[in-house]
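Reading through the structure tokens given below for one structure.
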Amino acid sequence: MSRSEWSLECRHRVQVEFYVNENTFKERLKLFFIKNQRSSLRIRLFNFSLKLLTCLLYIVRVLLDDPALGIGCWGCPKQNYTFNESSSEINWAPILWVERKVALWAIQVIVAIISFLETMLLIYLSYKGNIWEQIFRVPFILEMINTLPFIITIFWPPLRNLFIPVFLNCWLAKHALENMINDFHRAILRSQSAMFNQVLILFCTLLCLVFTGTCGIQHLERAGDNLSLLTSFYFCIVTFSTVGYGDVTPKIWPSQLLVVIMICVALVVLPLQFEELVYLWMERQKSGGNYSRHRAQTEKHVILCVSSLKIDLLMDFLNEFYAHPRLQDYYVVILCPTEMDIQVRRVLQIPLWSQRVIYLQGSALKDQDLMRAKMDNGEACFILSSRNEVDRTAADHQTILRAWAVKDFAPNCPLYVQILKPENKFHVKFAEHVVCEEECKYAMLALNCICPATSTLITLLVHTSRGQEGQDSPEQWQRMYGRCSGNEVYHVRMGDSKFFREYEGKSFTYAAFHAHKKYGVCLIGLKREDNKSILLNPGPRHILAASDTCFYINITKEENSAFIFKQEEKQKRKGFAGQGLYEGSSRLPVHSIIASMVAMDLQNTECRPTPSGGGGGGSKLALPTENGSGSRRPSIAPVLEVADSSTLLPCDLLSDQSEDEMTPSEDEGLSVVEYVKGYPPNSPYIGSSPTLCHLLPVKAPFCCLRLDKGCKHNSYEDAKAYGFKNKLIIVSAETAGNGLYNFIVPLRAYYRPRRELNPIVLLLDNKPDHHFLEAICCFPMVYYMEGSVDNLDSLLRCGVIYADNLVVADKESTMSAEEDYMADAKTIVNVQTMFRLFPSLSITTELTHPSNMRFMQFRAKDSYSLALSKLEKRERENGSNLAFMFRLPFAAGRVFSISMLDTLLYQSFVKDYMIPITRLLLGLDTTPGSGYLCAMKISEDDLWIRTYGRLFQKLCSSSAEIPIGIYRTQSHVFSTEASPLLPGQSQVSVSVEDCEDTRETKGPWGVRAGTGGGSTHGRHMVGSDPAEHPLLRRKSLPWARRLSRKGSRHTGKAAAEWISQQRLSLYRRSERQELSELVKNRMKHLGLPTTGYDEMNDHQNTLSYVLINPPPDTRLEPNDIVYLIRSDPLAHVASSSQSRKSSCSNKLASCNPETRDETQL
């Protein structure tokens, strides 16, 4: 481009300036007076001040004016006026003319001119084409009435004394105040409070009405009684308050007319204002208002975010949260998008909660609502999922968005999040504490099959209780069970602990045993100062340091304990023989020697196999041969301060093949598949903890996973054809969700011996997808089948008669119902049917609502169940958080609700270690060096140990295992010696004919129990004559008889009851036979062999319960199952490899009682 062309193009260019606002004088004025919030606020404040000044000048004028001195225009001669009551004529001169000083007139004129100019300017700026709309506005008319007459008096002096109703400026001041508040809220970018505005408007309206009436009556009565301003104010207050004394009344009709007008205006305006105020108040009550910023800065509060708030969830949270003493001064702010429920509103009106629980209706996704809840000042935020939703994935998505919104708004607020589906857990990984419901649920259900009542054990541990439940009951088991339920997990720094600081530099098992012996506390784990991982039972080779954090189970924490050493000091003064020997050899302290006074060094005999009563492998609880005979009490080796490898039974589960070498000979010709140990290659979701498991060397084809259909690889079509050695575990679920993966992993973990692995059958309503089958095809003996738990044919096909455990998981489609608590109706009825068809089957059921567990194994005329119902009501009235704990199905671990684990998340606010410890106990996490939960059954051969404290010592000294509780099963049938003619005798849960049935079938059932394996729930205690086994506990249950209906004292009536009882026995026997025939006919119709199903043993006449950390002097009983925390087998593989002999086969089958020959009762 040439220079001339470029200059020509530049000549045609036009520079354009763009303005955000129009660059005109009117637009600039509009921007300053109207659009700009800050300048507009200043203008309105100035206008408000002018109006108040005019009202003040009017009052000054009234106080300076005296009609008695003369009335007239400016410069005119004054006339005196006297009111005559008898005359009906009105002198208008006192009403039209007033006395106004020159200085006062000048000030009012200046103010009027300013107000007039401002009004005209605003009219000009807001003009939009319709001038009449601006002229006929009420504020404009009032402005003209109050300003134009003053301006006219400048040019016409006689009118300077003309009365002008300046007091009407109060209404203009009210209008300016409303606009000013709106501009103020806009200027500081805060949402205005509608409630505050409405209250302010109502107050200003009342003030303006009173001020207008006072000034109007006072001025008009200048022609009457000449009332003062104060008297007029008194008259208006008395009139508007509807009191009406009548001592002051208007004398002339204009003032009377004004009173009528003011009353009519008040009757129209005030109700409208009050209606608006009440409406806003009701809306405020629904939404909850705001949490005070001042309170948020001076008091501590936590926020609870939920989709919908039910009364059960609210009470569980409040009872658990405020159970801790240091949380009593905290406030709870509930943020929920729905309107408050009627039951919730009723509870929050109780004074106990109304002062510290605040309900706000709002969404966590709105910053405005988070600001109302003062989320940035909160100590914690609990975000709970709505588990009653049919679409649980959608509920999780809502929870994830809430967590993201809270983290974005208040990044420093700790988050406690509950997730339903495990595949959604990684989205909230940033939260401080996360509980995945399906992970915990299925892992707990899996452990229930090998460690009975694990669900009850965990539930009692994570609930805050004082241990006072059931202490007023005459039943000994209820008192003991209630007292032990108060045990919880606590932590303390070892160097600061009176429990453990004396064991610094000693082994973990040494400290655990002696702390339990001396203080009754159970040391279960610890955490190193330089490591964040918690280790459960790290083993005897772990030496305690002062900086370690110890985790222990006790009734209360150490800070609330009182220490009394009187008994120990007496024992120290007495002294005893052999003290020098032990001080020289193992340097045991005094209380350790007391714990094992007659102890001998049995280190060489502990590893020596000893013959067992059943002819099987030896037991680590076997009776020592050196001192087990004679009258002398058998002794137990002391627990050493420092671990010695020769004292421990080595058990390397990774390379020990001794238990697998016998497999070919026992399989009776079946093909043997060698298992390998490794990590599952396919995880169904992100975030699953890797666990070393028993795996197949080659993945099984998908067709081989189908239990009821053969394929080209095998022709088996039912569970009988597979010839499983161990009993089946059947899981009934609606869909094959990713949570089922966590059911399989704990049952296939590497520390479960191969000969104890139970086949797992998944009974699914819907066909599983390939993604799930890809995840489970690497596990041995895992099968699936399509069917429903309410279909008898499906149960028979999946091998229910060869199963020992049936797990019924809660179905998503039944979690919501039109009527509350009806969501479990179908599950309860189906389980009750199975309970009647298969009495010996151990059924574990998950319910949506904990209160429905009273319907499990329901017996309407059972007086013992009725007595338990009364006990539950009494405990609930006493304020117990665990009122349902005495229900027999819950105590036995046969029913639980996942909502009972909500307290796990709540407790994490005070105990941040509860979630990791629970996950370690359930096998969801596997930390290197941390132990795992298992169980061990006490047989009659093991009763030489006698007490739980001696068992603690035996386990710590021989295998370094830490017992944490007992699962006890006992009979509660009537004695056969008890005469049915006794007065007041009442029938309890099992009648006399049950004892007769069991005696008649004791022979064949005893054989069947010995071959098929013992029951983890102690069911086979019932199948023998009680006279042959005096250790079998029998109770007459006087407590149940007292609470049941008292019978007649006459012998004849008792005999009649006995006869009716025998009739009932015949009816029940015939009903049982009818059910048996029904099942056999269905099996024949399906082509299944009926040999596996016979008259099944009924275990309704036993009760089971959990004792957490019982006292050391607790007597052991036959069929007690002891919960153990066994140390990690991988922790010391290298150090114990040289002594690997087949020691695992010498140990008691502690994970599953079916794997050892036992003496059956």
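The values are calculated or read from the model by the stated rules, or taken from the named source; none is laboratory data. A quick note: this is a predicted structure, and the numbers were derived from the prediction, not measured. No Cβ is skipped: glycine too gets one built from the backbone with ideal geometry, and neighbour counts run over all protein chains shown. Keep in mind that these areas ignore ligands, DNA and RNA; they rest on the heavy atoms of the full protein, side chains included. Shrake-Rupley method; radii C 1.70, N 1.55, O 1.52, S 1.80 Å.
Assorted remarks:
- Enumeration of residues in region 60-70 that are open to solvent by less than 50 Å² (accessible area, probe 1.4 Å) and either part of a helix (DSSP H, G or I) or at pLDDT 75 or above (or both): 61, 62, 65, 67
- Of all residues making up region 476-491, the number that are open to solvent by 10 Å² or more (accessible area, probe 1.4 Å) and outside any helix (DSSP H, G or I): 2
- Single condition residue 808 does not satisfy, out of (1) closer than 25 Å to residue 470 by Cβ; (2) open to solvent by less than 30 Å² (accessible area, probe 1.4 Å): (1)
- Single residue of region 411-431 satisfying the filter (among the aromatic types (Phe, Trp, Tyr) and not in a helix (DSSP H, G or I)) that is farthest from the chain's Cα centre (by Cα): 430
- Verdict on residue 807 being in a strand (DSSP E or B), modelled with pLDDT of 85 or more and among the aliphatic types (A, V, I, L, M): yes
Rundown of residues vs (1) touching a residue at least 12 places away in the same chain (Cβ under 8 Å); (2) of a type in the set (A, V, I, L, M, F, W, C); (3) over 28 Å from residue 1118 (Cα atoms), yes/no style:
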residue	(1), (2), (3)
847	yes, yes, yes
852	yes, no, yes
855	yes, yes, yes
867	yes, yes, no
889	yes, no, no
899	yes, no, yes
902	yes, no, yes
914	yes, yes, yes
939	yes, no, no
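- Candidates are the residues of region 367-408 that are hydroxyl-bearing (Ser, Thr, Tyr) and either touching a strand residue (DSSP E or B) at 6+ places or on another chain (Cβ under 9 Å) or more than 24 Å from residue 311 (Cα to Cα) (or both); the one that is surrounded by the fewest Cβ atoms within 10 Å (Cβ to Cβ) is 385.
- Just so you know, in region 850-893 the residues that are open to solvent by less than 10 Å² (accessible area, probe 1.4 Å) and not in a helix (DSSP H, G or I) include one that is farthest from residue 319 (Cα to Cα), and it is 862.
- Selection of region 751-796 for residues being over 19 Å from residue 680 (Cα atoms) and of a type in the set (Gly, Ala, Ser) yields 787, 788, 794.
- Output for region 894-927, where each listed residue is outside any helix (DSSP H, G or I) and more than 16 Å from residue 324 (Cβ to Cβ): 894, 895, 896, 897, 923, 924, 925, 926, 927
- Any hit, region 794-804, residues being out of contact with any strand residue (DSSP E or B) (no Cβ under 8 Å at 6 or more places or on another chain), assigned to a helix (DSSP H, G or I) and within 27 Å of residue 389 (Cα to Cα): no
- Test: residue in region 22-39 that is open to solvent by 60 Å² or more (accessible area, probe 1.4 Å), at pLDDT below 80 and either more than 26 Å from residue 123 (Cα to Cα) or acidic (Asp, Glu) (or both): yes
- Summed over region 244-278, residues that are over 28 Å from residue 196 (Cβ atoms), open to solvent by 70 Å² or more (accessible area, probe 1.4 Å) and touching a residue at least 24 places away in the same chain (Cβ under 8 Å) total 2.
- Every residue from region 226-243 that is over 20 Å from residue 59 (Cβ atoms) and surrounded by 15 or more Cβ atoms within 10 Å (Cβ to Cβ): 238, 239
- Residue list for region 496-526, filter: surrounded by fewer than 19 Cβ atoms within 10 Å (Cβ to Cβ) and over 21 Å from residue 640 (Cα atoms): 496
- Failed item in (1) out of contact with any Pro (no Cβ under 7 Å at 6 or more places or on another chain); (2) surrounded by 19 or more Cβ atoms within 10 Å (Cβ to Cβ); (3) more than 16 Å from residue 63 (Cβ to Cβ), with residue 211 passing the rest: (3)
- Some residue of region 160-168 being surrounded by fewer than 15 Cβ atoms within 10 Å (Cβ to Cβ) and not acidic (Asp, Glu): no
- Residue check, residue 714 of a type outside the set (D, E, K, R), touching a Cys at 6+ places or on another chain (Cβ under 8 Å) and either open to solvent by 20 Å² or more (accessible area, probe 1.4 Å) or outside any strand (DSSP E or B) (or both): yes
A quick yes/no check of all residues on (1) in contact (Cβ under 8 Å) with a residue 40 or more places away in the chain; (2) closer than 16 Å to residue 718 by Cα; (3) hydroxyl-bearing (Ser, Thr, Tyr):
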| residue | (1), (2), (3) |
| --- | --- |
| 755 | yes, no, no |
| 759 | yes, yes, no |
| 762 | no, yes, no |
| 767 | no, no, no |
| 777 | yes, no, no |
| 793 | yes, yes, no |
| 806 | yes, no, no |
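- Within region 736-792, if we keep just the residues that are small (Gly, Ala, Ser) and out of contact with any Cys (no Cβ under 9 Å at 6 or more places or on another chain), the residue that is modelled with the lowest pLDDT turns out to be 737.
- Region 928-954: number of residues that are assigned to a loop (DSSP other than H, G, I, E, B) and open to solvent by less than 20 Å² (accessible area, probe 1.4 Å): 5
- Qualifying residue in region 40-53 (condition: at pLDDT below 70 and among the charged types (D, E, K, R)): no
- Boolean, residue 445 is more than 22 Å from residue 1120 (Cβ to Cβ) and buried (at least 24 other Cβ atoms within 10 Å of the Cβ): yes
- Pairing residues of region 1102-1121 that are over 17 Å from residue 518 (Cα atoms) and charged (D, E, K, R) with residues that are open to solvent by less than 10 Å² (accessible area, probe 1.4 Å) and assigned to a loop (DSSP other than H, G, I, E, B), at Cβ distances under 8 Å and at least 6 apart in sequence or on separate chains, gives 1117/938; 1120/938.
- Scanning region 377-410 for residues that are assigned to a loop (DSSP other than H, G, I, E, B) and in contact with a helix residue (DSSP H, G or I) (Cβ under 9 Å, 6 or more places away or on another chain) yields 378, 384, 385, 386, 387, 388, 389, 390, 391, 410.
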